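Engineer: Provided herewith is a single structure, encoded as structure tokens, for subsequent inquiry.
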Amino acid sequence: MTAPESTVIRGGLVITASDELHADVLVQGGRVAALAAHRSAAAEALTAERTIDATGRYVIPGGVDAHTHMDFPFGGTFSSDDFETGTRAAAWGGTTTVVDFAVQTKGRALREGLDLWHAKAEGKCAVDYAFHMIMSDVNQSTLKEMDGLVEEGVTSFKLFTAYPGVFYSDDGQIFRAMQRAGLNGGLIMVHAENGLAIDVLVEQALQRGETDPRHHGEVRKALLEAEATHRVIRLAQVAGAPVYVVHVSAQEAVAELVRARDEGLAVFGETCPQYLFLSADNLAEPDFEGAKYVCSTPLRPREHQAALWRSLRTGDLQVVSTDHCPFCFQGQKELGRGDFSKIPNGMPGVENRMDLLHQAVVDGHLTRRRWIEVACAAPARMFGLYPKKGTIAPGADADIVLYDPGAEQTISARTHHMNVDYSAYEGKRITGRVDKVLSRGVVIVEDGQYTGRAGHGWYTPRANCQYPY
Ligand code: URP
Ligand code: ZN
Ligand code: ZN
Ligand code: ZN
């Protein structure tokens, strides 16, 4: 299938993070070439080989999911979506860029991990992709390697205060990585939970015979997220570097971010749909069903959600990513029957994010422009992809979603496209649905059909963090 060289999308409401315009959009050579007000002389003058009718649709930038784990080795298994199935599901859900986490194996070079992730993704992706680097081992050699990675477009590094013996780094290692990032322009991302204290609580819970999934949420205490969040904020302050806290779930952790931002510090945070729409009640579902909701940071009691929504509105949290890390219930989540600490941590969601956040618009939590900000523009700016990604403006890649705001749908594993045997949102009613998806001007989803192909998606090197701070 060859795409027409030019397309005009007529009659829709173009929504970006900054504007809502009744405008026609001209796409040429895979990029946005012009916007012109409906029925204006400028719009009449737009000519193209193909016209797409967007009457009654929102015309929005393709989603940017800055936190996915495709084909990720964790908990003795691999996440069940690889780059082919996972990015195809992303496309179905209106996400046209994913930033996935390449993993350094302890004792090996960052480069080796990055090469492996390139090999996993090459030729498989339905949408454009980029990489962050997980540093499992901060030492003199990997610190030096960071500079080269930043130069070639891997401009962010994830470190963990959690998972001792796996991805854990101590404060000195995190501090050195922050100092390096302060010099080379990289952005340090931190999974902030006090993993050493959590491991003590895990051991004690198991000794008491508390083995069910709900105990995963109980031992990973909100205060231990807040403590680690506070610690990495202050380490970053002293190191003179910005820091981005991933998958924030506890209101006490949000409070740490708010306080630091009120002091004027360059600290940023993301949350994920699971923390906004699900809760510890799901972890307590009987018959081991709670295992479907085991992820870290854990789902919290419902009262934490208000702080997350508020911070997304005020800008104290900037980004909503999925942390898409699916494990099938059968055969994978089941590894932890009788011991919650052996349940692979992670949840599916790359296909659901744009819809769930549109539901947040319908429910009155976010405005339409804020929806586009947290789902498209802010992640693109934060991770050096803007304005190529994350907006609809002349020169931007024509990653465009036609969104039907009035359609009704019910989320279900029977109809989703992620390679996982359950949905965390099974039965949830959503107002709104992706109608068409263009990636660099090529229609990849249309009329309920996937029309893209594996390998259409390009690796996209990134600039440094462009978030204003
Ligand atoms: O439970 C999660 N979040 N699994 C993925 C790995 C991580 O910590 O982001
Ligand atoms: Zn109009
Ligand atoms: Zn994490
Ligand atoms: Zn993650």
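Engineer: Please determine whether any residue of the range 347-355 is of a type outside the set (Val, Ile, Thr), touching a residue at least 40 places away in the same chain (Cβ under 8 Å) and surrounded by fewer than 21 Cβ atoms within 10 Å (Cβ to Cβ). Steps first, answer last, please.
Structural biologist: Here is the first cut: in the range 347-355, the residues of a type outside the set (Val, Ile, Thr) are 347-349, 351-355.
Adding the requirement that they be touching a residue at least 40 places away in the same chain (Cβ under 8 Å) leaves 347-349, 351-355.
Filter once more, keeping what is surrounded by fewer than 21 Cβ atoms within 10 Å (Cβ to Cβ): none.
No, that holds for no residue.
Engineer: Restricting to the range 59-81, name every residue that is assigned to a loop (DSSP other than H, G, I, E, B) and not aromatic (Phe, Trp, Tyr). Talk me through it step by step, then tell me what you get.
Structural biologist: Applying the first criterion (assigned to a loop (DSSP other than H, G, I, E, B)) to the range 59-81 yields 62, 69-72, 75-76, 79-81.
Matches in the range 59-81: Gly62, His69, Met70, Asp71, Gly75, Gly76, Ser79, Ser80, Asp81.
Engineer: Sticking with this one: Is it true that some residue in the range 293-308 is in contact with a Pro (Cβ under 8 Å, 6 or more places away or on another chain) and either part of a loop (DSSP other than H, G, I, E, B) or more than 16 Å from ligand 4 (Cβ to nearest atom) (or both)?
Structural biologist: Our first condition is that a residue be in contact with a Pro (Cβ under 8 Å, 6 or more places away or on another chain); within the range 293-308, this holds for 293-294.
From the residues that got through so far, the ones that are either part of a loop (DSSP other than H, G, I, E, B) or more than 16 Å from ligand 4 (Cβ to nearest atom) (or both) too are 294.
Among the residues of the range 293-308, at least one is in contact with a Pro (Cβ under 8 Å, 6 or more places away or on another chain) and either part of a loop (DSSP other than H, G, I, E, B) or more than 16 Å from ligand 4 (Cβ to nearest atom) (or both), which makes the answer yes.
Engineer: Shifting gears a bit: Does Asp82 satisfy the condition of being within 16 Å of ligand 2 (Cβ to nearest atom) and modelled with pLDDT of 95 or more?
Structural biologist: Details: within 16 Å of ligand 2 (Cβ to nearest atom): no; modelled with pLDDT of 95 or more: yes.
No: the conditions fail for Asp82.
So that you can scan it fast, the table gives a plain yes or no per residue for (1) within 16 Å of ligand 3 (Cβ to nearest atom); (2) surrounded by 14 or more Cβ atoms within 10 Å (Cβ to Cβ); (3) among the polar types (S, T, N, Q):
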{"site": "Val8", "(1), (2), (3)": "no, yes, no"}
{"site": "Gly11", "(1), (2), (3)": "no, yes, no"}
{"site": "Val25", "(1), (2), (3)": "no, yes, no"}
{"site": "Gly29", "(1), (2), (3)": "no, no, no"}
{"site": "Leu35", "(1), (2), (3)": "no, yes, no"}
{"site": "Leu46", "(1), (2), (3)": "no, yes, no"}
{"site": "Thr55", "(1), (2), (3)": "no, no, yes"}
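Residue by residue, here is whether (1) closer than 18 Å to Cys125 by Cα; (2) away from ligand 4 (no atom under 16 Å from the Cβ) holds:
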residue	(1), (2)
Val8	no, yes
Val14	no, yes
Val27	no, yes
Gly30	yes, yes
His38	no, yes
Leu46	no, yes
Tyr58	no, yes
His69	yes, no
Asp100	yes, no
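Engineer: Further question on the same structure: For the range 54-65, which residues satisfy the criterion of being touching a strand residue (DSSP E or B) at 6+ places or on another chain (Cβ under 6 Å) and more than 16 Å from Asp19 (Cα to Cα)?
Structural biologist: Ala54, Gly63, Val64, Asp65
Engineer: From the residues in the range 229-277 that are part of a helix (DSSP H, G or I) and free of Cβ contacts under 8 Å to residues at least 12 places away in the same chain, which one is surrounded by the fewest Cβ atoms within 10 Å (Cβ to Cβ)?
Structural biologist: Filtering the range 229-277 down to residues part of a helix (DSSP H, G or I) leaves 229-239, 251-262, 273-277.
Subsequent filtering for residues that are free of Cβ contacts under 8 Å to residues at least 12 places away in the same chain retains 234, 259, 262.
On the way: Arg234: 17, Arg259: 14, Asp262: 9.
Per the stated criteria, the residue is Asp262.
Engineer: Let me ask you something else. Name the pairs whose Cβ atoms lie under 6 Å apart, with the first residue in the range 425-446 and free of Cβ contacts under 8 Å to residues at least 24 places away in the same chain, the second assigned to a loop (DSSP other than H, G, I, E, B), and 6 or more positions between them or separate chains?
Structural biologist: Glu426/Ser412
Engineer: Let me ask something else about it. Based on this model, can you work out whether Leu312 counts as in a helix (DSSP H, G or I), touching a strand residue (DSSP E or B) at 6+ places or on another chain (Cβ under 8 Å), closer than 20 Å to Ala424 by Cα and more than 16 Å from ligand 4 (Cβ to nearest atom)? Before the answer, list the steps.
Structural biologist: Details: in a helix (DSSP H, G or I): yes; touching a strand residue (DSSP E or B) at 6+ places or on another chain (Cβ under 8 Å): yes; closer than 20 Å to Ala424 by Cα: no; more than 16 Å from ligand 4 (Cβ to nearest atom): yes.
Judged against the criteria, Leu312 is not a match.
Engineer: Can I ask one more? From the list Ala407, Ala378, Ala393, pick out the single residue that is part of a loop (DSSP other than H, G, I, E, B) and either farther than 23 Å from Arg313 by Cα or not aromatic (Phe, Trp, Tyr) (or both).
Structural biologist: Working: Ala407 fails: part of a loop (DSSP other than H, G, I, E, B); Ala378 fails: part of a loop (DSSP other than H, G, I, E, B).
Criteria check complete, one pass: Ala393.
Engineer: Which count do you get for residues in the range 82-107 that are without any contact (Cβ under 8 Å) to a residue 40 or more places away in the chain, within 22 Å of Asn345 (Cβ to Cβ) and not in a strand (DSSP E or B)?
Structural biologist: Within the range 82-107, residues that are without any contact (Cβ under 8 Å) to a residue 40 or more places away in the chain, within 22 Å of Asn345 (Cβ to Cβ) and not in a strand (DSSP E or B) number 3.
Engineer: How many of the residues making up the range 295-309 are surrounded by fewer than 19 Cβ atoms within 10 Å (Cβ to Cβ) and near ligand 1 (Cβ under 10 Å from one of its atoms)?
Structural biologist: Matching residues across the range 295-309 total 0.
Engineer: Among Asp363, Asp355, Asp339, which is farther than 29 Å from His191 by Cα and acidic (Asp, Glu)?
Structural biologist: Sole residue among the options that is farther than 29 Å from His191 by Cα and acidic (Asp, Glu): Asp363.
Engineer: Separate question: Go through the range 315-348 and give me each residue that's in a loop (DSSP other than H, G, I, E, B) and away from ligand 3 (no atom under 16 Å from the Cβ). Talk me through it step by step, then tell me what you get.
Structural biologist: So the first thing to find is which residues in the range 315-348 are in a loop (DSSP other than H, G, I, E, B), and the list is 315-318, 321-323, 325-332, 337-339, 343-346, 348.
Across the range 315-348, the qualifying residues are Gly315, Asp316, Gln318, Cys328, Phe329, Gln330, Gly331, Gln332, Arg337, Gly338, Asp339.
Engineer: If you go through the range 130-181, how many residues are touching a residue at least 60 places away in the same chain (Cβ under 8 Å), in contact with a helix residue (DSSP H, G or I) (Cβ under 6 Å, 6 or more places away or on another chain) and away from ligand 3 (no atom under 16 Å from the Cβ)?
Structural biologist: 4
Engineer: Any idea which of (1) more than 23 Å from Tyr467 (Cβ to Cβ); (2) β-branched (Val, Ile, Thr); (3) more than 16 Å from ligand 1 (Cβ to nearest atom) is the one Val219 doesn't satisfy?
Structural biologist: With respect to (1) more than 23 Å from Tyr467 (Cβ to Cβ); (2) β-branched (Val, Ile, Thr); (3) more than 16 Å from ligand 1 (Cβ to nearest atom), Val219 is out only on (3).
Engineer: Something else about it: Would you check which residues across the range 54-69 are away from ligand 2 (no atom under 16 Å from the Cβ) and in contact with a Cys (Cβ under 9 Å, 6 or more places away or on another chain) and list them?
Structural biologist: The initial filter retains those residues of the range 54-69 that are away from ligand 2 (no atom under 16 Å from the Cβ), namely 61-69.
Across the range 54-69, the qualifying residues are Pro61, Gly62, Gly63, Val64, His67, Thr68, His69.
Engineer: Moving on to the next point. Which of (1) at positive phi; (2) of a type in the set (Asp, Glu); (3) surrounded by 23 or more Cβ atoms within 10 Å (Cβ to Cβ) does Asp71 not meet, given it meets every other one?
Structural biologist: (3) is the only condition that Asp71 fails.
The values are calculated or read from the model by the stated rules, or taken from the named source; none is laboratory data. Remember, it's a predicted structure, so these values are computed and weren't measured experimentally. Reconstructed Cβ throughout: ideal geometry from the backbone, glycine too, with neighbour counts over all protein chains shown.
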